[in-house]
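All remarks here apply to the structure that follows.
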Amino acid sequence: MPAILTKPVPRHVGIIMDGNGRWAQQRGLPRAKGHEAGTRNIRRIAEKAHEMGIDVLTLYAFSTENWTRPDWEVRALMRIFGETVRKEKGTILENNIQLHVIGRLEGIPAPLRSEIMSVVHQSADNDGLKLNVAFNYGGRAEILDAVKRMLRDRVNPDEVTEELFGRYLYTAELPDPDLVIRTAGEMRLSNFLIWQAAYSEYYSTPVLWPDFDQPEFESAIESYSQRQRKFGGIQV
């Protein structure tokens, strides 16, 4: 067993998977090839997360802002995601993975949405790694949707607490992320889990997502294990 596993590991890790397009460009390939390479990397990181005892892995796959990309790229992303769901369905079920998908699913093409939800339902009773895919997701959209649901439920304003509000978020049944990783050297959240990540630790690496392999993931967890989390208090 690697020594790193004896150190504190985060319960929930979120990853902003950035750099697919640059990875393809550096190799003279179409951007879609970068997205395909990035999608293949998900299995490697999910396997390592499970091995290290991480409970939840949330991957930022497609944001609400990504619809502004060229139509051909959006279609390619939808195709790749659909192919991945079909290809990995058996692996998800056989390895006791529980698939969650967060975001505005009504905005996704109906056939793809049906395929996604089929795997979500079939894996619902699995109790292994929770693989949480943020697809057609935006942190601000999530907060707005939570407020709308609270209004529909006629929640008394005087009864609103952070705990209650959290139960209206897409991630209601999941713990907040302890660690947020961003690849490709960027230093921003890009509308990812902006409520849940209020006290997350952050780790940025210049490595492009398709090249972010298991040793790189271990390095991120090692960095986390050295942090002192204060949550606004004072370390004593």
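Scanning region 166-177 for residues that are in contact (Cβ under 8 Å) with a residue 24 or more places away in the chain and either touching a helix residue (DSSP H, G or I) at 6+ places or on another chain (Cβ under 7 Å) or of a type in the set (V, I, T) (or both), we see that the one that is surrounded by the most Cβ atoms within 10 Å (Cβ to Cβ) is P177.
Given the residues A184, A124, A146, which is the only one that is out of contact with any strand residue (DSSP E or B) (no Cβ under 8 Å at 6 or more places or on another chain), assigned to a loop (DSSP other than H, G, I, E, B) and of a type outside the set (S, T, Y)? It would help to see each step written out before you state the result.
Details: A124 fails: out of contact with any strand residue (DSSP E or B) (no Cβ under 8 Å at 6 or more places or on another chain); A146 fails: assigned to a loop (DSSP other than H, G, I, E, B).
Just a single option satisfies the conditions, and that option is A184.
Within region 192-229, if we keep just the residues that are among the small types (G, A, S) and outside any loop (DSSP other than H, G, I, E, B), the residue that is surrounded by the most Cβ atoms within 10 Å (Cβ to Cβ) turns out to be A220. Look through region 64-111, keep the residues that are without any contact (Cβ under 8 Å) to a residue 24 or more places away in the chain and not in a helix (DSSP H, G or I), and return whichever of them is surrounded by the fewest Cβ atoms within 10 Å (Cβ to Cβ). Selected residue: P70.
Which one is modelled with the highest pLDDT among residues in region 105-139 that are within 16 Å of the chain's Cα centre (by Cα) and more than 19 Å from M17 (Cα to Cα)? Please lay out each step first, then the result.
In the first step, residues of region 105-139 are kept if they are within 16 Å of the chain's Cα centre (by Cα); the result is 105, 116, 120, 129-139.
Next, from what is left, pick out any that are more than 19 Å from M17 (Cα to Cα): 105, 116, 120.
Details: L105: 87, I116: 93, V120: 96.
Ranking the qualifying residues of region 105-139, first place goes to V120.
Considering region 2-31, and only residues there that are out of contact with any Leu (no Cβ under 8 Å at 6 or more places or on another chain), touching a residue at least 40 places away in the same chain (Cβ under 8 Å) and buried (at least 17 other Cβ atoms within 10 Å of the Cβ), the residue that is nearest to A134 (Cα to Cα) turns out to be R31.
Among the residues of region 179-221, not one is closer than 16 Å to K48 by Cα and modelled with pLDDT under 95. For region 208-220, filtered to residues that are touching a residue at least 60 places away in the same chain (Cβ under 8 Å) and charged (D, E, K, R), the residue that is farthest from R22 (Cα to Cα) is E218.
Applying a threshold of 6 Å to beta carbon distances and a minimum spacing of six or more residues, or different chains, the list of pairs starting in region 196-207 at a residue that is on the phi < 0 side of the Ramachandran plot and ending at one that is charged (D, E, K, R) and surrounded by 19 or more Cβ atoms within 10 Å (Cβ to Cβ) reads S204/R182.
The values are calculated or read from the model by the stated rules, or taken from the named source; none is laboratory data. All values reported here derive from a predicted model rather than from experimental measurement. Cβ coordinates were reconstructed from backbone atoms using ideal geometry, including for glycine residues, and neighbour counts include every protein chain displayed.
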